[in-house]
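Notes follow once the structure below has been shown.
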Amino acid sequence: AIDFRRLIGEHCPETGRLKRLHSEVVMELGAGNGDWILSKAREGAGRVWVCAELRLDRAWEIWSRAVLSNVTNVVVVCAESTSLLQKHCQPASVSVIWVRFPQPSVSIPHGQLWADCRHAESERDNLTSGGRG
């Protein structure tokens, strides 16, 4: 399982290890073109910002934009969000989860927004104590 808090840090010459700089992980599911996550990452330098995007072209574009604009606290994952949360994310490692896509249209009944309860449960399991999603 991935502990996103340990992916971003500063190299410590004395120990040869990565010194963790961030304690809070914020995850966006369905990052789209990445505008939201990149703007938040610029504002919230004390956090690790993880975005999951299913489409490789979009994930690549988000990563490229992060590198070119020197945003160093973003992790881009090209994956389907349910499988990422259920199989690859360390339990209790994410502080906040934002579900930004698909943005439901007004014609979708509220009860159908979370048709797959397993997805919601996997989100809950990955939140830290006191986390929100």
key: FRET efficiency, ARG42 to ALA1 (Cβ-Cβ, R0 35 Å, nearest 0.05)   = 0.80
request  = Could you list which residues have their amide H under 5 Å from that of TRP98, counting only those 5 or more apart in sequence or on another chain, with H placed in the peptide plane?
outcome  = MET27, GLU28, LEU29
key: Per-residue SASA entry for SER83, accessible area with 1.4 Å probe, Å² rounded to 10   = 30 Å²
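The values are calculated or read from the model by the stated rules, or taken from the named source; none is laboratory data. Computed from a prediction, not measured in an experiment: that's the story for all the values here. Every residue, glycine as well, gets a Cβ built from its backbone with ideal geometry; the counts of neighbours run over all protein chains shown. These accessible areas exclude ligands, DNA and RNA; they are computed on the full protein's heavy atoms, side chains included. Shrake-Rupley method; radii C 1.70, N 1.55, O 1.52, S 1.80 Å.
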